[in-house]
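A short write-up of the structure that comes next.
The values are calculated or read from the model by the stated rules, or taken from the named source; none is laboratory data. Keep in mind that this is a model prediction, so the values were computed, not measured. Quick reminder, even Gly has a Cβ in these numbers, built from the backbone with ideal geometry, and neighbours come from all protein chains shown. Only protein heavy atoms, including side chains, enter the accessible area calculation; ligands, DNA and RNA are left aside. Shrake-Rupley method; radii C 1.70, N 1.55, O 1.52, S 1.80 Å.
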Amino acid sequence: SNIRGEVQMSDPVMDAYTEAYNASGQMIQAFGVIKTDGSVLWQSNNWDLTADAKNLVAAVNSRAASVTQNQVKYSTMRTSPESLVARNTGGNGILVLAKIEGDKWVVAWAAADAAPDGVYVDVDRAAKSLKGKI
C-alpha cells in the first residue's frame, strides 16, 4: 500500500473547487486562486490564468464594464468590491471572481447555461472556505 499517500495533506483549493463543482451541478468547470499582483497561486489544468490574472483583479477594483480572459470578452453583470460576475454574450460561459482575503481571489468559469447568481454563491462559499488556508 502507498503509506505516503495515506498521510498526504489534502489540497484545500482542490477541495474547494470540488465542492463548488458539485454544488453547482457540475456547472463550475475551471477554478483558480490569483493575487492582485497577477501571480497565480493555483489553477485547474484546463485553463491558464497567468496572462490575465492582474487585469481580472483590476477589473473588480475598477468595476469594469467587461473583462477578458484567454482572449474571450465577458460583459460584467454585477460587481462589488469583493466580487464580479460576467457573462460572455456569445454563449461562452460565465466568469466569476470572489475575494478570499487580503490580495487573494478565487476566479472560476462556469458553463453558459448556469444561473449566474447561483454560481456566484457557490464560488463565494469556496472563497470563504479558503480563508487562512492559502
**Report entry** Dipole of the chain, positive direction: furthest Cα of S10, L97, S62, with charges on the beta-carbon
**Finding:** S62
Query raised in the report: Does anyone have the angle between helix 12-23 and the longest principal axis of the chain? Alpha-carbon axes, 0 to 90°, nearest 10?
Result: 60
Report summary line: For segment 22-134, the dipole about the Cα centre with charges only on Cβ (Lys and Arg +1, Asp and Glu -1), to the nearest 20 debye, works out at 180
**Report entry** Ellipsoid semi-axes in whole angstrom, largest first, where each is sqrt(5λ) of the Cα gyration tensor of the chain
**Finding:** 25, 16, 13
Query raised in the report: Roughly how many nanometres apart are two label points built 7 Å out from the Cα toward the Cβ at K35 and N70?
Result: 2.4
**Report entry** Pairwise FRET efficiency - R63 versus D15, Cβ, R0 = 41 Å, nearest 0.05
**Finding:** 0.85
Report task. Report W109's accessible area, 1.4 Å probe, all protein chains in place, as a number in Å² to the nearest 10. Result -> 50
Report task. First compute the accessible area of the chain with a 1.4 Å probe, then give the percent of it belonging to carbon and sulfur atoms. Result -> 48
Query raised in the report: So, in nm, how far is label N55 from label A115 when the simple model puts each one 7 Å beyond its Cα toward the Cβ?
Result: 3.2
**Report entry** segment 10-107 - accessible surface per residue (Å², probe 1.4 Å)
**Finding:** 47
Query raised in the report: By average Cβ neighbour count within 10 Å, what is the ranking of 101-108, 70-77, 119-126 from highest down?
Result: 119-126, 101-108, 70-77
Query - Helix axis angle, 116-129 relative to the chain longest principal axis, alpha carbon, degrees - result: 40
Query - Area of K128 that stays accessible when all protein chains are in place (1.4 Å probe, Å², to 10) - result: 110
